[in-house]
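Asker: Structure below; questions to follow.
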Amino acid sequence: MWNDFNDLETAKRFILNPGYANTGQFPAADIPIKGKMDILDFGAGVGRNTRHLLSFGAKVSCYDFPNMKELAKQNLGADFYRISEWIEPPVTNLQDRKFDLVVATVVFQHIPEEALRTIFPVLNNCLSEDGNLFVHSRGYLDTGGNVWRILLDYFVPCHEFNEQDSSENHQAVTFKRKA
């Protein structure tokens, strides 16, 4: 579905749909982001979080479909050229990379469980030794299942959260890599 968007206004309407938690604030505001960090915006879309991440002076790479790259270019304007690299699927294109922080906001809930079980091991390996995965998501997958339960198979939470919540509620959870 996401790789079918070719119009910025349509994509924005869908991405900023009132059904999503859209406070206008970056959901990872509590994560200490430092200028020297290597950050991956996984599922960058039109760049709504990318702009915020760039404001810290961090090295930001984005991962998403080629059509979203074009929409992000339109949406971000000159900020788009501050992105370190745009990485396109498949997820194996991330295999040899290391990031201090991977940010995925309202992404995983749209991906079927079997695909997540391919993506999560790659993201786990992408985290630097002290790296974090920040996930902002509702609990349920569009195709059924609980995204939090699946994440716990690959990552260790840094704080308490309701791992049983498979509802429409959005949670912001930070994880460390699992050894």
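Asker: Out of the residues in segment 148-169 that are touching a Phe, Trp or Tyr at 6+ places or on another chain (Cβ under 8 Å) and among the hydrophobic types (A, V, I, L, M, F, W, C), state the one that is farthest from Pro121 (Cα to Cα).
Answerer: Applying the filter and picking the extreme gives Phe161.
Asker: Considering each residue of segment 95-121, count those that are within 13 Å of the chain's Cα centre (by Cα), in a helix (DSSP H, G or I) and aliphatic (A, V, I, L, M), and give that number.
Answerer: 2
Asker: Suppose we filter segment 92-118 for residues that are out of contact with any Pro (no Cβ under 6 Å at 6 or more places or on another chain) and over 11 Å from Leu40 (Cβ atoms); how many remain?
Answerer: Total meeting the criteria: 17.
Asker: Report, by residue number, each residue of segment 19-50 that is buried (at least 20 other Cβ atoms within 10 Å of the Cβ), modelled with pLDDT of 90 or more and not in a loop (DSSP other than H, G, I, E, B).
Answerer: If the condition is that a residue be buried (at least 20 other Cβ atoms within 10 Å of the Cβ), modelled with pLDDT of 90 or more and not in a loop (DSSP other than H, G, I, E, B), then Ile39, Leu40, Asp41, Phe42, Thr50 are the ones that fit.
Asker: Just the residues that are within 17 Å of the chain's Cα centre (by Cα), surrounded by fewer than 16 Cβ atoms within 10 Å (Cβ to Cβ) and under 21 Å from Asp100 (Cα atoms), please, taken from segment 122-151.
Answerer: Asn125, Ser128
Asker: Still on this structure: Could you count how many residues in segment 46-84 are closer than 18 Å to Gly35 by Cβ, within 15 Å of the chain's Cα centre (by Cα) and not hydrophobic (A, V, I, L, M, F, W, C)?
Answerer: Final tally of qualifying residues: 5.
Every residue, every condition in (1) out of contact with any strand residue (DSSP E or B) (no Cβ under 9 Å at 6 or more places or on another chain); (2) under 22 Å from Ile39 (Cα atoms); (3) of a type in the set (A, V, I, L, M, F, W, C), yes or no:
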| residue | (1), (2), (3) |
| --- | --- |
| Pro121 | yes, yes, no |
| His136 | no, yes, no |
| Leu141 | yes, no, yes |
| Gly145 | yes, no, no |
| Val156 | no, yes, yes |
| Asn169 | no, no, no |
| Ala172 | no, yes, yes |
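Asker: Are there any pairs with C-beta distances below 9 angstrom linking a residue in segment 154-179 that is more than 23 Å from Gly144 (Cα to Cα) and in contact (Cβ under 8 Å) with a residue 12 or more places away in the chain to a residue that is basic (Lys, Arg) and buried (at least 16 other Cβ atoms within 10 Å of the Cβ), with the two at least 6 apart or on different chains, and if so which?
Answerer: So the pair list comes out as Cys158/Lys176.
Asker: Go through the residues of segment 81-91 one by one and say whether even a single one is crowded, with 21+ Cβ neighbours inside 10 Å, touching a residue at least 60 places away in the same chain (Cβ under 8 Å) and closer than 18 Å to His52 by Cα.
Answerer: Checked segment 81-91: no residue is crowded, with 21+ Cβ neighbours inside 10 Å, touching a residue at least 60 places away in the same chain (Cβ under 8 Å) and closer than 18 Å to His52 by Cα.
Asker: Assuming Asn75 fulfils every condition listed in (1) crowded, with 18+ Cβ neighbours inside 10 Å; (2) not β-branched (Val, Ile, Thr); (3) not in a helix (DSSP H, G or I) apart from one, which condition is it?
Answerer: (3)
The values are calculated or read from the model by the stated rules, or taken from the named source; none is laboratory data. This one's a predicted model, so the numbers in the text were calculated from it and none came from an experiment. Neighbour counts run over all protein chains shown; Cβ positions are idealised from the backbone, glycine included.
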